[in-house]
């Protein structure tokens, strides 16, 4: 049988004074550090081309929407946030959505819709704010989703740069 002799605690140790002293020192150090809190909304979040904000539909230079309502983005959406009803147009060999809704309360900003679109019609914008007073206001219809190509150009260029490695001719591989 082994007998373990315990050391006697001092009065300071019994009153937890060393621990209280360390906790106070830690608090004082934290009080005088540079603050990292962002004063939102006065100081908005920084964005760049990599930022995946809310999805937006591209409006071509001729004023028509780039979407042909193929439904690939709707199928790729893991949150089932996209609803598309396609319709015919008077333009030859083209369709366009009659209804294109994205429920932003369901959207998880994953970017799968952007990757799935064969016509490069939907891109993630740098718009991050998702606040409103009703649930219905956060179901964006086609008019709320439309953006000119120039407004999304930074993101479009970034996505094209990422995908260029797959677009190279097969003779160079």
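The values are calculated or read from the model by the stated rules, or taken from the named source; none is laboratory data. All values reported here derive from a predicted model rather than from experimental measurement. So basically every Cβ, Gly included, is an ideal-geometry build from the backbone, and we count neighbours across all protein chains shown.
Points to keep in mind about this one:
- From 92, 121, 116, 137, residue being exposed (fewer than 11 other Cβ atoms within 10 Å of the Cβ) and more than 14 Å from the chain's Cα centre (by Cα): 92
- Qualifying residue in the range 42-49 (condition: more than 20 Å from the chain's Cα centre (by Cα) and either modelled with pLDDT of 90 or more or surrounded by fewer than 11 Cβ atoms within 10 Å (Cβ to Cβ) (or both)): yes
- Qualifying position, being part of a loop (DSSP other than H, G, I, E, B) and more than 24 Å from residue 139 (Cβ to Cβ), among 22, 29, 52, 33: 33
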